[in-house]
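Since the structure comes first, as structure tokens, the remarks are kept for the end.
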Amino acid sequence: MTFEQIYHEYKNLVYNLSLQYTNNVHDAEEILQDVFLKVFDHLGEFRSTADMKTWIYRIAVNQSLDFIKSQQRKKRSFLNQLLRIVPNEQAFEISDFNHLGIDFENKEALELLMRKIYKLPENQKTVIILLKIEYLSQKEVASIMQINEGAVESLFQRAKTNLKKVL
Amino acid sequence: MEDNNMELLKKIKRIDAPDHIYDQIVKHIEDRKIQIIPMYKIAIAVSLLLVLIASETIIGTKLNKVSQSSGNLEQLFMQMDNNLYNE
């Protein structure tokens, strides 16, 4: 497959996954670009026998998590704290919720839920997104996250418990 | 409540990625290629730097020898001076 073919095959997968993490279309576009630049750079190293979908999912998950971390770092920067532009707790909030996959009918409830998911620890957040929004199997999630299926189930249960606590 | 949350997540729709992103990615890749400095230019710059360092080392060594000699001469004059006083 050429790079262009790979892009068109997986662009929606990456875009929607990024959107579940960031809840903002512009951030998702940025991550989409970064993911495929990485795919382009490492395509030569990719073993043809391996599952490309798993590989691309893994890059997209890591890029999305890195993006969120860098956004939080910027918000929590010393200068911001000094000038009290952004209080520390707000650094972990979604500042600009703009998720096109959520229609008006369900907006309020889904926005609240996505904001809570956003605050989960990285592994729990990833498991919820991959299992319950991307509809992947536990086996696929385990392969992407490079953990065993038992760990996936354990993370899922902890995520549900944490969501129950904050809701 | 937990099951309601998981049911609610099923209402999230999938959307299509914008069309312009591929062009932006291609442009990014092309811009990166232009920014890579040709190897031969790097080789010339490194060579010049090595020549400069070597020259400075050689000149510096020679200058040190000269100043050492000057120092010896100075000492000699001082001794002669002292000799004069001792007479």
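The values are calculated or read from the model by the stated rules, or taken from the named source; none is laboratory data. Small disclaimer: the values here were computed from a predicted structure and weren't measured. Cβ coordinates were reconstructed from backbone atoms using ideal geometry, including for glycine residues, and neighbour counts include every protein chain displayed. In case anyone asks, the SASA skips ligands and DNA or RNA and just uses the protein heavy atoms, side chains included. Shrake-Rupley method; radii C 1.70, N 1.55, O 1.52, S 1.80 Å.
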Violations at 24 Å Cα threshold for listed pairs A:LYS74/B:LYS33; A:LYS107/A:LYS165; A:LYS119/B:LYS27; A:LYS74/A:LYS160 -> A:LYS74/B:LYS33; A:LYS119/B:LYS27; A:LYS74/A:LYS160
Karplus 3J(HN,Hα) series, Hz, for the range B:18-31 with 6.51 cos²θ - 1.76 cosθ + 1.60 (x for Gly, Pro) = x, 5, 6, 5, 4, 4, 5, 5, 4, 4, 4, 5, 5, 4
Between A:LEU65, A:LEU32, A:LEU110, which gets the highest mean-square fluctuation from a Gaussian network model of chain A, Cα cutoff 10 Å?
-> A:LEU110
Only Lys, Arg (+1) and Asp, Glu (-1) charged, at Cβ; the range B:4-67 dipole about Cα centre in debye = 200
Output the relative contact order of the range A:120-167, whole-number percent, from Cα pairs under 8 angstrom with separation of 6+ residues.
-> 41
Rounded to the nearest 100 Å², what's the accessible area chains A and B bury against each other, both chains counted, probe 1.4 Å?
-> 3000
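What is the Rg over Rh value, at two decimals, for the range A:120-167, using alpha-carbon atoms and the Kirkwood definition of Rh?
Values: Rg = 10.0 Å, Rh = 10.5 Å.
Rg/Rh for the range A:120-167 comes to 0.96.
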Which residues' amide hydrogens lie under 5 Å from the amide hydrogen of A:ASN24, considering only partners 5 or more residues apart or on another chain, with H built in the peptide plane?
-> A:ASN98
Take every Cα pair under 8 Å in chain A that's 6+ residues apart, average their separations, divide by the length, and report that relative contact order as a whole percent.
-> 22
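Can you check how the C-alpha radius of gyration of chain A compares to 2.2 N^0.38 Å, as a plain ratio? Mind dumping the intermediate values first?
Numbers: Rg = 16.8 Å, N = 167, 2.2 N^0.38 = 15.4 Å.
That works out to 1.09 for chain A.
How much net charge surrounds B:ASP19 when only other residues with a Cβ under 15 Å from its Cβ are counted (Lys, Arg +1; Asp, Glu -1)?
-2
Accessible area per residue of the range B:15-56 at 1.4 Å probe, in Å²? Can you show the working numbers first?
Working: 3450 Å² over 42 residues.
Per residue, the range B:15-56 has an accessible area of 82 Å².
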